[in-house]
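Everything below concerns the one structure shown next.
The values are calculated or read from the model by the stated rules, or taken from the named source; none is laboratory data. Keep in mind it's a predicted model, so treat the numbers as computed, not measured. With ideal geometry, Cβ positions are generated from the backbone for all residues, glycine too; neighbour counts draw on all protein chains shown. Each accessible area value is taken on the protein alone, full model and side chains, heavy atoms only, with ligands, DNA and RNA left out. Shrake-Rupley method; radii C 1.70, N 1.55, O 1.52, S 1.80 Å.
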Amino acid sequence: MKTRQDAWSHEEDVVLAETVLRYIREGGTQLAAFEEVGNRLNRTAAACGFRWNAEVRKRYVEAIELAKKQRKERKRALEMAKKLQKENNAATLLPSSENISYQGSSPLLPASTLTLEQCIAFLQTLKHDYEQVEAMKKENERLKQEQVQLQKQREELQQKLERLEAQQSTIQEDYEALVKIMERARKLVLEEEYGVPPAHIFRMDKNGNLEHIARS
């Protein structure tokens, strides 16, 4: 006869937790897990369920969520395996020529019965490919933003270059005007040294040009 015991040891709590988590991962019920633990620990299923709900479950919140996630992945992999097996069985029922054509049209169609491990490996490969595509999308977006920034910098440098060219043109014009003024002044000095007719008088206007003034 099974007896109810009030005291639970740490080892018994671990057995209870591991068994319940295994049943969750494999898609079983907690009631079945309590039955198995009761048989192993010589306790009633009700006592195991009470212990789990009252004390043990709160210690394994993250483990429970992980086990539920693994259960979903396992279920998805099994459904994929059943689907592929069904397609494989349908292909084997076709005539030989049609069978070869049908198998050749789909690289994912297995030539033999797929195992659960193969399905999981296939799904992991798909996940890896998906992650790579997402990473390439992010890198592409980063390069686009970098290109926009470089284009903006290029436009700013082009505007700066245009301003410098305009300043250079102004400086060049001022330099040429200064040279002309100096040349006119040199000629005026030479004329004064070697004699200038009294009727000829020159003066410089506000624009730097020499203006001839007739002496009265």
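Quick rundown of the values:
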{"item": "Residue among THR44, THR19 that alone is under 30 Å from PHE122 (Cα atoms) and in contact with a helix residue (DSSP H, G or I) (Cβ under 8 Å, 6 or more places away or on another chain)", "result": "THR19"}
{"item": "Residue in segment 128-150 that is open to solvent by 70 Å² or more (accessible area, probe 1.4 Å), of a type in the set (A, V, I, L, M) and at pLDDT 85 or above present", "result": "yes"}
{"item": "Residue in segment 113-125 that is of a type outside the set (Phe, Trp, Tyr), modelled with pLDDT of 60 or more, over 22 Å from GLY27 (Cβ atoms) and loosely packed, with under 13 Cβ neighbours inside 10 Å present", "result": "yes"}
{"item": "Boolean, ARG71 is open to solvent by 70 Å² or more (accessible area, probe 1.4 Å), farther than 30 Å from GLN118 by Cβ, assigned to a helix (DSSP H, G or I) and touching a helix residue (DSSP H, G or I) at 6+ places or on another chain (Cβ under 9 Å)", "result": "no"}
{"item": "Any pair with Cβ under 8 angstrom, 6 or more apart, that starts in segment 25-47 at a residue that is aromatic (Phe, Trp, Tyr) and ends at one that is open to solvent by less than 40 Å² (accessible area, probe 1.4 Å)", "result": "PHE34/VAL20; PHE34/ALA45; PHE34/CYS48; PHE34/GLY49; PHE34/TRP52"}
{"item": "Neighbours by Cβ (under 9 Å, 6+ apart or cross-chain): first from segment 181-201, at pLDDT 80 or above; second surrounded by 10 or more Cβ atoms within 10 Å (Cβ to Cβ) and in a loop (DSSP other than H, G, I, E, B)", "result": "ILE181/GLY208; ILE181/ASN209; ARG184/GLY208; ARG184/ASN209; LEU188/VAL196"}
{"item": "Verdict on ARG40 being more than 42 Å from the chain's Cα centre (by Cα), basic (Lys, Arg) and modelled with pLDDT of 90 or more", "result": "yes"}
{"item": "Some residue of segment 3-11 being of a type in the set (Lys, Arg) and either at pLDDT below 95 or at positive phi (or both)", "result": "yes"}
